[in-house]
1. Read through the list (1) touching a helix residue (DSSP H, G or I) at 6+ places or on another chain (Cβ under 7 Å); (2) buried (at least 23 other Cβ atoms within 10 Å of the Cβ), then give the number of the only condition that Met367 fails.
2. So for segment 17-24 (the condition being buried (at least 19 other Cβ atoms within 10 Å of the Cβ), more than 30 Å from Arg336 (Cβ to Cβ), touching a Ser or Thr at 6+ places or on another chain (Cβ under 8 Å) and at pLDDT below 90), does at least one residue qualify?
3. Pull out all pairs, ordered by first then second residue, where Cβ-Cβ is under 8 Å, the residues are six or more apart or on different chains, the first lies in segment 6-23 and is assigned to a helix (DSSP H, G or I), and the second is β-branched (Val, Ile, Thr) and at pLDDT 85 or above.
4. If I filter segment 259-313 down to residues being within 17 Å of His153 (Cβ to Cβ) and among the polar types (S, T, N, Q), which single residue comes out as surrounded by the fewest Cβ atoms within 10 Å (Cβ to Cβ)?
5. Among the residues of segment 197-221, count how many are surrounded by fewer than 17 Cβ atoms within 10 Å (Cβ to Cβ) and not charged (D, E, K, R).
6. Mind listing whichever residues of segment 329-354 are farther than 22 Å from Phe37 by Cβ and either surrounded by fewer than 21 Cβ atoms within 10 Å (Cβ to Cβ) or of a type in the set (Lys, Arg) (or both)?
7. Kindly establish whether Gly176 is farther than 30 Å from Gly17 by Cα and assigned to a helix (DSSP H, G or I).
8. Could you list, in sequence order, the residues of segment 149-175 that are of a type in the set (A, V, I, L, M, F, W, C), in contact with a Ser or Thr (Cβ under 9 Å, 6 or more places away or on another chain) and over 21 Å from Ser33 (Cβ atoms)?
Amino acid sequence: MAAAPGTLRQRVVAGFGANSVGMALGIGMQLASLPLFLAVWDLHTYGLWLMISALPAYLTMADAGMVTAAGNRMTMALGSGRLDEARRVFHSAQAFVLALCTALALLMLPLALWSPWPPGAGADLRLALAALGLGVLAAFVGGLAEQWFRATHRYAQGTLLAHAARLAEWGGGIAGLYLHGSFAAVAAGALLGRLAGTLVSMALARRGNNDLAWGLRGADWVCVRELLRPAAGFLAFPLANALSLQGVTLLVGMLLGPVAVAVFNTYRMLARIAVQASGLLSHALWPEFSRLHGQGEAQALARLARRASGATALLALLLGAGLYLFAPALLAVWTRGEIGFDAPVFALLMVYAVIAGLWHVPRVLLMAANGHGVLALWALASALLCLGLSRWLGGEHALVGVALGILLAEALLALVCLWLARSGLWPRPAAAAPLREALR
């Protein structure tokens, strides 16, 4: 079995760097998208695209969390030297994803192309929906490669490749926009970019480590059943995200129209920079949390999680304050004056972003140990609450009400997560044990 490259500290620093690069790419793509799309489309057409591209996001929950649950178990197994178990889990996850993608493609493509919904949809919109759906299926396969990197001490490399695939997907979409300008062209370009990135990740995952392999020889449906419980918990998270992110996007469109969607998504895009920054450290620590949990190192796990939680909370607060101060000038330049600064709406979204950053590390701690079942149910309940509050308050107070609904639901979920982490996987560390012992 391949030795772990470097110390825990070195791996975490490399993972943090990879996440930082990914965040920079993500922010760059988000900032560039608006002016690039508005140079070809008007604000109404761009708002329609945001609504169309939000629909296939519901497919992301179709793997029922199996890929992530399998990745955690592979990491814990390899961390304690159980290579045969890791291989069995990996092959079982591949069999599950292959069966799932085949079934979804056979179901999704006819629905996208020929179903009576959405009513009045033309060929352009239907082809776009089909291509966007196929892109989600390609991402499932890419997720298997990413978990292979994570389990074999190559989190940083896998993360960089995953971000490169997303960049290729975005670049393909922009190329389709400027070459043809239709919804279908944008979606097809994005699909081609995603497929290229996925194939590269699959090849490099195999080339860099011989402990695991692509194939189905070791697949075991008993293993799949064993993974169903933690996987079902992970299912709630993409569903919750789809409800609270894409669901709110669609809700704003129905309540206030496509122009309001473009305005609201632009504000939320900026606010979520603080949320994304909170994940730089916590996601870099995910494989280390899994490994320490698999090895039974509870005290080292607790020390590492506590220090990381404090660091991410401080980062979220500083970024939240900074983004609020610079947002008026940034919006004026970025949107060419088409989207103004609404202080109450933006302030509420920034408070939401700071709260989301406060509970990032506890959430990852629970998820890395496959101990997220209760949190998953609360996440789903919080997303439903978010939609309900946004619908109620948005009907009375427009975007201010929608932003307030998002904030209240996020605050509830943060409190629940902190309580679960403290009472479950977050034992009180020995008073005299310094953090450097956990980082050796």
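The values are calculated or read from the model by the stated rules, or taken from the named source; none is laboratory data. Because the structure is predicted, anything quoted here is derived from the model rather than measured. Here Cβ is always computed from backbone atoms with ideal geometry, including for glycine, and neighbour counts include all displayed protein chains.
1. So the condition that Met367 fails would be (1).
2. Looking for residues that are buried (at least 19 other Cβ atoms within 10 Å of the Cβ), more than 30 Å from Arg336 (Cβ to Cβ), touching a Ser or Thr at 6+ places or on another chain (Cβ under 8 Å) and at pLDDT below 90, one finds at least one in segment 17-24, hence yes.
3. Gly15/Thr159; Ala18/Thr159; Asn19/Thr159; Gly22/Thr159
4. Applying the filter and picking the extreme gives Gln295.
5. Going through segment 197-221 one residue at a time, the tally reaches 10.
6. Ala343, Pro344, Ala347, Val351, listed by residue number.
7. Against the criterion (farther than 30 Å from Gly17 by Cα and assigned to a helix (DSSP H, G or I)), Gly176 qualifies.
8. Phe149, Ala151, Leu161
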